[in-house]
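Structure, as structure tokens:
The values are calculated or read from the model by the stated rules, or taken from the named source; none is laboratory data. This is a predicted model, so every value here is computed, not measured. Neighbour counts run over all protein chains shown; Cβ positions are idealised from the backbone, glycine included. Surface areas here come from the heavy atoms of the whole protein model, side chains and all, with no ligands, DNA or RNA. Shrake-Rupley method; radii C 1.70, N 1.55, O 1.52, S 1.80 Å.
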Amino acid sequence: MKKWLALAACGAALLAGWRTAPREPEGLALVRVLGVDGLPLTLTAVCGGGDNAPERGRCAGGSFGEALELLPWSGAGAELSLTSVSYIIVGRDVELENVLLAALRNEELGASATVWLAEEGAGALLDRCGDPASGLDLLTRRGIEAPTVVEALAGLKRDGGLTLPLLAGDGPELIDWEDWSGWFEQ
């Protein structure tokens with residue numbers, strides 16, 4: 001009898017430790033990359049990636065905060081969630097300081113997403129990329145260090161400028177580093 005109890009306990013322990021890979025909740029897509037272009041302010045969101053084609057969404061608003069409110073319902077098949085944004089790609093025509101402040105104030109976005117600059121605009125870059133999060137993950141693993149939202153805002157406030165990695169291509173690919181000195185926002 002003790003052997004059966006021991007075997008049953010071992011079997012239960014094995015079954016309790018076995019879990020399937022984590023998945024997104026039904027009807028919810030987690031945004032990994034957020035593109036921001038200005039005038040009018042337009043957000044482009046790309047979710048997940050990997051084996052499946054990533055869910056995408058696009059919306060426009062009068063301000064970054066207004067566009068963020070519209071973004072969850074801009075996807076074709078799922079509600080978009082901003083809780084997993086790792087990368088924010090900006091176009092040259094955005095008011096960067098306002099975007100960074102709004103990102104910090106947003107409970108979902110937070111301060112740890114890294115900030116990148118798109119040569120031809122964020123929406124155009126993200127439209128060409130099949131899975132931009134994987135490309136940006138690869139750049140990060142290769143040692144390319146983009147500033148976080150907090151670091152970028154501190155650079156703007158403290159020094160009046162910062163240097164952002166400049167992206168282009170279908171990967172996306174790093175093509176250069178560019179100083180953001182505020183002349184875009186004037």
*asked:* Go through region 59-69 and report how many residues are within 16 Å of Cys47 (Cβ to Cβ) and either open to solvent by 80 Å² or more (accessible area, probe 1.4 Å) or in contact (Cβ under 8 Å) with a residue 24 or more places away in the chain (or both).
replied: 1
*asked:* Quick test for you: out of Leu117, Leu138, Leu174, Leu153, pick the one residue that is crowded, with 17+ Cβ neighbours inside 10 Å and assigned to a helix (DSSP H, G or I).
replied: Leu153
_For the structure I just gave you, tell me whether Leu43 is over 12 Å from the mean Cα position of the chain (by Cα), modelled with pLDDT of 90 or more and surrounded by 22 or more Cβ atoms within 10 Å (Cβ to Cβ)._
no
*Please state which one of Gly123, Gly130 is out of contact with any Leu (no Cβ under 6 Å at 6 or more places or on another chain), surrounded by 17 or more Cβ atoms within 10 Å (Cβ to Cβ), touching a residue at least 60 places away in the same chain (Cβ under 8 Å) and of a type outside the set (A, V, I, L, M).*
Gly123
*Scan of region 30-40 for residues that are open to solvent by 30 Å² or more (accessible area, probe 1.4 Å) and touching a residue at least 24 places away in the same chain (Cβ under 8 Å), ordered by number*: Leu30, Arg32, Leu39
_Residue selected from region 89-114 under the condition touching a Ser or Thr at 6+ places or on another chain (Cβ under 7 Å) and of a type in the set (A, V, I, L, M), by the criterion least open to solvent (accessible area, probe 1.4 Å)_ = Ala113
*Qualifying position, being among the β-branched types (Val, Ile, Thr), in a loop (DSSP other than H, G, I, E, B) and modelled with pLDDT of 90 or more, among Val99, Val94*: Val94
